[in-house]
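One structure is given below, encoded as structure tokens.
The values are calculated or read from the model by the stated rules, or taken from the named source; none is laboratory data. Here the structure is a predicted model, which means the values were calculated and not measured. Here Cβ is always computed from backbone atoms with ideal geometry, including for glycine, and neighbour counts include all displayed protein chains.
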Amino acid sequence: VTAAVEERNRRLIQQAATLEQSLATAQEARSEAEAARRAMVEQNKRLRELDRLKDEFLSLVSHELRTPLTSIRGYLDLVLDEEAGELNPEQRRFLQAVERNSGRLLRLVGDLLFVAQADAGRLSLEQGKVDLFGLAAECVEGAMPAAAEKSIDLVLAATPVPALVGDRGRLAQVFDNLVSNALKFTPEGGTVEVSTKLNGDHVSIEVSDTGIGIPVADQPRLFERFFRSSVANDRAIPGTGLGLAIVKAIVEAHKGQIRIESNEGRGTTFHVDLPLTVEADNFEEAA
Amino acid sequence: VIEPRPGLLVLVADDDEDILQLLSFRLERAGYEIAVARSGDEALRLALDLLPAVAILDGMMPGLDGFEVTRELRRNTPTSTTPVILLTARAEASDIARGMAAGADEYVKKPFDARDLVDRVDRLLRPRLIST
């Protein structure tokens, strides 16, 4: 009897030791998992903080650039308006180069500020009646000289559409960015077509080109800010990689959608759908 | 076409000397008389002393900023209806709302075209320009 009890005791002690060991292992695993979770929470917090700092930095830089740009362009205009005396043709040509480039800088600053605001969810849109057909026509007219320079056939195939409520200046930017993009990536002698049409309760905008196209591998990242397609880099086509990110942000701020269809070497079409959620006729202009 | 006439005083306040001179030059060319201030406190003192026809105030100045000067002008009877144009490098909706809440008539974002600013002053003073 004593032997049997001792044997059982020994087994129990052994079992208890095994249990204790697996408990320790489980505890260890749990505390490891807990440490990993804490590290991830911490890392997440740091990433969010970095993201916030980056947006703040972008916004600060853009703001700080705006005041000096006001002066640069303001004084330049004074000289170009011949407020300080007559200019000879060469002086005018040189100063026009300064003006062009300060204009580029100005747009870049505006674009940087825009993406920073969009990322931070602080996009402020003006609300008014917008005639997209008219905007398309204006954009095409404005881009004619650039198209002519590359012998590109720029075609307006738009039909009148009902007005919608949105930010006129920003929606003009959608057309301008898409069309200047299309012109940039279309070789001489090609065609760029801009169209608007009513599609149920949406207005559909299309900008299509017979350009070099976008490789399939690049397409998913095309609307990321600062993303540059490999073909753009290979051919040293200038750009900041902000244009399409801005287009997407504007379209989405108007509750619309954008997608692309592209064949390498054949051309690209950008489709934008904007809902006519509020018919502009029922919309009271803000006082 | 309305020709601005002398005798209409525009107060321009900005701590950026170049912008101050640029605006003064354009406004003088358009026929306005100019008073300049380089801080919000100076702007408020000059506005109450000289009672300008329009005040152009930079939003961010040392001491009192443009928003605070606007509020003070509204609180004082002689300047309670003086047209105020606020200038700012910040272009967010909350700033515009803040400017309007302070009682500004117009809100101009930097970078602005100085010629456009002169047009705005002309527009604000149109009733007075016609009557002179």
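Being without any contact (Cβ under 8 Å) to a residue 60 or more places away in the chain, within 13 Å of chain A (Cβ to nearest Cβ) and not aliphatic (A, V, I, L, M) narrows it down to one of B:E33, B:E28, so name that one. First the steps, then the outcome.
Values: B:E33 fails: within 13 Å of chain A (Cβ to nearest Cβ).
Only one candidate qualifies: B:E28.
Only one of A:S151, A:S180 is in contact with a Gly (Cβ under 8 Å, 6 or more places away or on another chain), part of a helix (DSSP H, G or I) and either among the charged types (D, E, K, R) or surrounded by fewer than 20 Cβ atoms within 10 Å (Cβ to Cβ) (or both); which? I'd like the intermediate steps shown before the answer.
Details: A:S151 fails: part of a helix (DSSP H, G or I).
Selected residue: A:S180, the only one of A:S151, A:S180 that is in contact with a Gly (Cβ under 8 Å, 6 or more places away or on another chain), part of a helix (DSSP H, G or I) and either among the charged types (D, E, K, R) or surrounded by fewer than 20 Cβ atoms within 10 Å (Cβ to Cβ) (or both).
Those residues that are touching a Pro at 6+ places or on another chain (Cβ under 9 Å), among the hydrophobic types (A, V, I, L, M, F, W, C) and farther than 20 Å from A:G256 by Cα, I need them from the range A:162-219; list them, please.
Scanning the range A:162-219 gives a single hit, A:I212.
Would you mind stating whether A:R259 is without any contact (Cβ under 8 Å) to a residue 60 or more places away in the chain and part of a loop (DSSP other than H, G, I, E, B)?
On the way: without any contact (Cβ under 8 Å) to a residue 60 or more places away in the chain: yes; part of a loop (DSSP other than H, G, I, E, B): no.
Considered against the rule, which asks whether it is without any contact (Cβ under 8 Å) to a residue 60 or more places away in the chain and part of a loop (DSSP other than H, G, I, E, B), A:R259 comes out as no.
A quick yes/no check of all residues on (1) surrounded by fewer than 23 Cβ atoms within 10 Å (Cβ to Cβ); (2) among the aliphatic types (A, V, I, L, M); (3) assigned to a helix (DSSP H, G or I):
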{"position": "B:I56", "(1), (2), (3)": "no, yes, no"}
{"position": "B:M60", "(1), (2), (3)": "yes, yes, no"}
{"position": "B:L64", "(1), (2), (3)": "yes, yes, no"}
{"position": "B:E68", "(1), (2), (3)": "yes, no, yes"}
{"position": "B:L73", "(1), (2), (3)": "no, yes, yes"}
{"position": "B:P78", "(1), (2), (3)": "yes, no, yes"}
{"position": "B:T81", "(1), (2), (3)": "yes, no, no"}
{"position": "B:I96", "(1), (2), (3)": "yes, yes, yes"}
{"position": "B:G99", "(1), (2), (3)": "no, no, yes"}
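Please determine whether any residue of the range A:220-231 is within 29 Å of A:G128 (Cα to Cα) and in contact (Cβ under 8 Å) with a residue 60 or more places away in the chain. I'd like the intermediate steps shown before the answer.
Let us first name the residues in the range A:220-231 that are within 29 Å of A:G128 (Cα to Cα), namely A:223-225.
Then keep just the ones that are in contact (Cβ under 8 Å) with a residue 60 or more places away in the chain; that gives A:225.
Yes, the conditions are met somewhere in the range A:220-231.
Quick one: in the range A:226-249, of everything that is touching a Gly at 6+ places or on another chain (Cβ under 7 Å) and part of a loop (DSSP other than H, G, I, E, B), which residue is surrounded by the fewest Cβ atoms within 10 Å (Cβ to Cβ)? First the steps, then the outcome.
Applying the first criterion (touching a Gly at 6+ places or on another chain (Cβ under 7 Å)) to the range A:226-249 yields A:226-228, A:232.
If we keep only those that are part of a loop (DSSP other than H, G, I, E, B) too, we end up with A:226-228.
Details: A:F226: 9, A:F227: 15, A:R228: 16.
Taking the candidates together, the pick is A:F226.
Does B:T88 qualify as being modelled with pLDDT under 90, surrounded by 15 or more Cβ atoms within 10 Å (Cβ to Cβ) and in contact with a strand residue (DSSP E or B) (Cβ under 7 Å, 6 or more places away or on another chain)?
Working: modelled with pLDDT under 90: yes; surrounded by 15 or more Cβ atoms within 10 Å (Cβ to Cβ): yes; in contact with a strand residue (DSSP E or B) (Cβ under 7 Å, 6 or more places away or on another chain): yes.
Answer is yes for this residue.
Just give me the residues in the range A:82-101 being more than 8 Å from chain B (Cβ to nearest Cβ) and not in a helix (DSSP H, G or I), in sequence order. Lay out the reasoning, then the answer.
To start, the set of residues in the range A:82-101 that are more than 8 Å from chain B (Cβ to nearest Cβ) comprises A:82, A:84-101.
Once the filter is applied, which keeps residues that are more than 8 Å from chain B (Cβ to nearest Cβ) and not in a helix (DSSP H, G or I), the range A:82-101 yields A:E82, A:A84, A:G85, A:E86, A:L87, A:N88.
Please state which one of A:L69, A:L87, A:L47 is at pLDDT 95 or above and surrounded by 10 or more Cβ atoms within 10 Å (Cβ to Cβ). Spell out the reasoning first.
Details: A:L69 fails: at pLDDT 95 or above; A:L47 fails: at pLDDT 95 or above.
After applying the criteria, what remains is A:L87.
For the range A:154-177, enumerate the residues that are of a type outside the set (S, T, N, Q), assigned to a helix (DSSP H, G or I) and in contact (Cβ under 8 Å) with a residue 40 or more places away in the chain. Steps first, please.
First, the residues of the range A:154-177 that are of a type outside the set (S, T, N, Q): A:154-158, A:160-172, A:174-176.
From what is left, the residues that are assigned to a helix (DSSP H, G or I) are A:168-172, A:174-176.
Matches in the range A:154-177: A:R168, A:G169, A:R170, A:L171, A:V174, A:F175.
Filtering the range B:14-38 down to residues that are within 16 Å of A:D81 (Cα to Cα) and basic (K, R), which residue is modelled with the lowest pLDDT?
Step by step, filter the range B:14-38, then rank; the result is B:R29.
Scanning for something within 27 Å of A:I72 (Cβ to Cβ) and away from every other protein chain (no Cβ under 14 Å), does the range B:87-103 turn up at least one residue?
Checked the range B:87-103: no residue is within 27 Å of A:I72 (Cβ to Cβ) and away from every other protein chain (no Cβ under 14 Å).
Can you say whether A:S124 is farther than 30 Å from B:A97 by Cβ and part of a loop (DSSP other than H, G, I, E, B), as far as the supplied structure shows? Steps first, answer last, please.
Values: farther than 30 Å from B:A97 by Cβ: no; part of a loop (DSSP other than H, G, I, E, B): yes.
When the stated conditions are applied, A:S124 does not pass them.
Does A:G74 qualify as being surrounded by 12 or more Cβ atoms within 10 Å (Cβ to Cβ), in contact with a Leu (Cβ under 6 Å, 6 or more places away or on another chain) and in a helix (DSSP H, G or I)? Let's see the steps before the verdict.
Details: surrounded by 12 or more Cβ atoms within 10 Å (Cβ to Cβ): yes; in contact with a Leu (Cβ under 6 Å, 6 or more places away or on another chain): yes; in a helix (DSSP H, G or I): yes.
Yes: the conditions hold for A:G74.
Mind checking which residues of the range B:42-52 are assigned to a helix (DSSP H, G or I) and crowded, with 17+ Cβ neighbours inside 10 Å? Quick ask: steps written out before the conclusion?
In the first step, residues of the range B:42-52 are kept if they are assigned to a helix (DSSP H, G or I); the result is B:42-50.
Within the range B:42-52, B:E42, B:A43, B:L44, B:L46, B:A47 meet the criteria.
In the range B:104-116, what residues are within 10 Å of another protein chain (Cβ to nearest Cβ), part of a loop (DSSP other than H, G, I, E, B) and touching a residue at least 12 places away in the same chain (Cβ under 8 Å)?
B:K110, B:F112
Being of a type outside the set (K, R) and in a helix (DSSP H, G or I): is that true of A:A217 here? Walk me through it before giving the result.
Numbers: of a type outside the set (K, R): yes; in a helix (DSSP H, G or I): yes.
The answer is yes for A:A217.
How about the range A:109-131: which of its residues are within 12 Å of chain B (Cβ to nearest Cβ), of a type outside the set (F, W, Y) and touching a Leu at 6+ places or on another chain (Cβ under 9 Å)?
Within the range A:109-131, A:V109, A:L113, A:A116, A:Q117 qualify.
Quickly run through the range A:187-206 and pick out the residues that are in contact (Cβ under 8 Å) with a residue 40 or more places away in the chain, under 21 Å from A:D153 (Cα atoms) and among the polar types (S, T, N, Q).
Answer for the range A:187-206, where residues must be in contact (Cβ under 8 Å) with a residue 40 or more places away in the chain, under 21 Å from A:D153 (Cα atoms) and among the polar types (S, T, N, Q): A:S195, A:T196.
Looking at A:A33, A:A3, can you tell me which residue is loosely packed, with under 10 Cβ neighbours inside 10 Å and either among the aliphatic types (A, V, I, L, M) or within 30 Å of A:L105 (Cα to Cα) (or both)? Explain how you work it out, then say what you get.
Details: A:A33 fails: loosely packed, with under 10 Cβ neighbours inside 10 Å.
Every option except A:A3 fails the conditions.
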